[in-house]
1. Filter region 523-558 for residues that are open to solvent by 100 Å² or more (accessible area, probe 1.4 Å) and at pLDDT 75 or above; which is nearest to the chain's Cα centre (by Cα)?
2. Out of everything in region 314-330 that is under 25 Å from ALA394 (Cβ atoms) and among the aliphatic types (A, V, I, L, M), what residue ends up being surrounded by the fewest Cβ atoms within 10 Å (Cβ to Cβ)?
3. So, in region 487-503, how many residues would count as being within 18 Å of GLY303 (Cβ to Cβ) and not in a loop (DSSP other than H, G, I, E, B)?
4. So which residues in region 207-255 are crowded, with 22+ Cβ neighbours inside 10 Å and of a type in the set (Ser, Thr, Tyr)?
5. Can you tell me which of GLY339, GLY311, GLY303 is part of a loop (DSSP other than H, G, I, E, B) and surrounded by 23 or more Cβ atoms within 10 Å (Cβ to Cβ)?
6. Might you let me know whether region 374-395 holds any residue that is modelled with pLDDT of 95 or more, in contact with a Lys or Arg (Cβ under 7 Å, 6 or more places away or on another chain) and open to solvent by less than 20 Å² (accessible area, probe 1.4 Å)?
7. Checking SER487 against (1) surrounded by fewer than 23 Cβ atoms within 10 Å (Cβ to Cβ); (2) of a type in the set (Ser, Thr, Tyr); (3) touching a residue at least 24 places away in the same chain (Cβ under 8 Å), only one condition comes out false. Which one?
8. For SER404, are the conditions met, namely being open to solvent by 10 Å² or more (accessible area, probe 1.4 Å), among the hydroxyl-bearing types (Ser, Thr, Tyr) and touching a residue at least 60 places away in the same chain (Cβ under 8 Å)?
Amino acid sequence: MGSETIKTGRLANGEAQKSVHKERRGLSSNGMNGKHENLGSNRAGTSSSGEGYDLMMNTGDVDGNLDGDIEPVFVCKKARQGDLTFQDIHDHGDFFDEDEEDDSDWEPVQKHVELIKWFCVNCTMVNLGDGVVCDLCGEHKDSGILRLGFFASPSSQDAGCSEVESEMKGKNKEMHSQLSASNSSTAIGFDQRMLLHSEVQMKSHPHPERSDRLRAIAASLATAGLFPGRCYPISAREITREELQMVHSLEHIQDVELTSHIFSSYFTPDTYANEHSACAARLAAGLCADLASTIFSGRVKNGFAMVRPPGHHAGVREAMGFCLHNNAAVAALAAQAAGAKKVLIVDWDVHHGNGTQEIFDQNKSVLYISLHRHEGGKFYPGTGSANEVGRNGAEGSCVNIPWSRGGVGDNDYIFAFQNLVLPIATEFAPDFTIISAGFDAARGDPLGCCDVTPAGYSRMTDMLYTLTGGKLLVILEGGYNLRSISSSATSVIKVLLGEGPGSELGNIAPSRAGLQTVLEVMKIQMNFWPSLGSSYAKLQSQWGAYCNTSEKFLRAIFQFIRFLMVQIYNALLSTL
């Protein structure tokens, strides 16, 4: 959370100009209403009482020509009492004339007002004024989210050791007494050096892909006693150039390496690098590769790669969308090098993983399924339409589920999992599963603007868990609301540790737009995955029911509106 002060100039108040003339005449700033605050100097002849009108006169004139001054004083007294008439003004016009001094060069008195500007630590939203709670997400400007993760109160200032912290420590101690490090089945990949990757010079507001994302997740896991604690850490290493060349062109690798000699650089207007970025990207890719091989070999059951920079937008030849190296692609090839014949990548980041699709759209041994906002190509990066299915003999290796709007929530995602993701994945029969886990479709994310909850993410993880006998690697991609990303990541890791996702699923009712998207994708993918045929016929009938219900509902609304208009018309006629 950053803050700064903006200085603005304005008139001190509506009296600024008036006070200049009042000072010249020795008038009070509020002479007309009886309040007496002298803005002029207390020169000879100036009344200091609250009764007189503070008319400026020369002492000599008072002594020598007293009679001549009585009338102006009388006029002033009438003005103070509010009894002045137009005739008085006409008869004594000289008294009311403005000073003859040239005031064309007069300038208003400037008053500097300090306007506080601060950025929310949770969502990076800019806030103006001295408020302490973010206007967008409701997070306190000094919340403890970076110390306690999402367990910290969103609306309270961090006050050091809290009741939440004490309670979690007690629970963790009890849990650790029941577990030993040797029986941990979930590995976590993390290295502090990835925090050094940052935008050198802030633009209009903090970059959404910032190191606090990892800090918030780490704080949440520590507070919950998951890591360190129940999860197994793996050692970090930097990926080799030879491993990267299996995914990226040599020119791309060299371009990323070059940034280590540059203080600040950009691949695209929103994809930055500093002198530590190349190392962070190599560490992220190296952790993902080692996690994949470690999981597939059976040394651990599953894992979570808590890495940055993210990777699914990085293509064969370019870095973009905050991504430098494609971590999921590196992990998929590492799993295949360890013996996996077929790898499934499910990408639930709110943005389409155009880089991952490009890398594998001619590879039948890797199935890429992406659920993302698309909106006819208007949502970043614009790729990922339903008819992008793979090419050159690998048709069907890409399955895009492109949402037509924002605000998509748990029901639509889980419905798509039930009717598209799981049937296709089961038919594909992978040996290893990777989740490109962007949490920017989460409720509260400022970029994704969707509505998936931590319970929704845990449910989707659980649905994929059994596909490959638990050989599952979750790789962090996007997600820019710290509270959303940390709570969602924690829920996913709990599923990896064997905790159930919660209540059983009932009948999931998708939105009309969600059902329409699933049907469109089914119609295309049925050509490559025959198992979808029976489900497609069933959903078509459901779609027909949706349309009929909607049509009847709209007809009823129109009839009601027509009835109201007739009643209003009749009521108006009766008044004529």
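The values are calculated or read from the model by the stated rules, or taken from the named source; none is laboratory data. None of these values were measured; they are calculated from a predicted model. We place every Cβ from the backbone using ideal geometry, glycine too, and count neighbours over all the protein chains shown. Just the protein is used for accessible areas: all its heavy atoms, side chains included, with ligands, DNA and RNA removed. Shrake-Rupley method; radii C 1.70, N 1.55, O 1.52, S 1.80 Å.
1. The qualifying residue nearest to the chain's Cα centre (by Cα) is LYS523.
2. In the first step, residues of region 314-330 are kept if they are under 25 Å from ALA394 (Cβ atoms); the result is 314-321, 323, 325-330.
Those left that are additionally among the aliphatic types (A, V, I, L, M): 314, 316, 319-320, 328-330.
Values: ALA314: 35, VAL316: 14, ALA319: 27, MET320: 18, ALA328: 34, ALA329: 33, VAL330: 27.
Among them, the one singled out is VAL316.
3. In the first step, residues of region 487-503 are kept if they are within 18 Å of GLY303 (Cβ to Cβ); the result is 488-499.
Subset that is not in a loop (DSSP other than H, G, I, E, B): 488-496.
Here the count works out to 9.
4. Matches in region 207-255: SER220, THR223.
5. Details: GLY339 fails: surrounded by 23 or more Cβ atoms within 10 Å (Cβ to Cβ); GLY303 fails: part of a loop (DSSP other than H, G, I, E, B).
After applying the criteria, what remains is GLY311.
6. So far as region 374-395 goes, yes, one or more of its residues are modelled with pLDDT of 95 or more, in contact with a Lys or Arg (Cβ under 7 Å, 6 or more places away or on another chain) and open to solvent by less than 20 Å² (accessible area, probe 1.4 Å).
7. With (1) surrounded by fewer than 23 Cβ atoms within 10 Å (Cβ to Cβ); (2) of a type in the set (Ser, Thr, Tyr); (3) touching a residue at least 24 places away in the same chain (Cβ under 8 Å) applied to SER487, the lone miss is (1).
8. Details: open to solvent by 10 Å² or more (accessible area, probe 1.4 Å): yes; among the hydroxyl-bearing types (Ser, Thr, Tyr): yes; touching a residue at least 60 places away in the same chain (Cβ under 8 Å): yes.
For SER404, the condition - open to solvent by 10 Å² or more (accessible area, probe 1.4 Å), among the hydroxyl-bearing types (Ser, Thr, Tyr) and touching a residue at least 60 places away in the same chain (Cβ under 8 Å) - is met.
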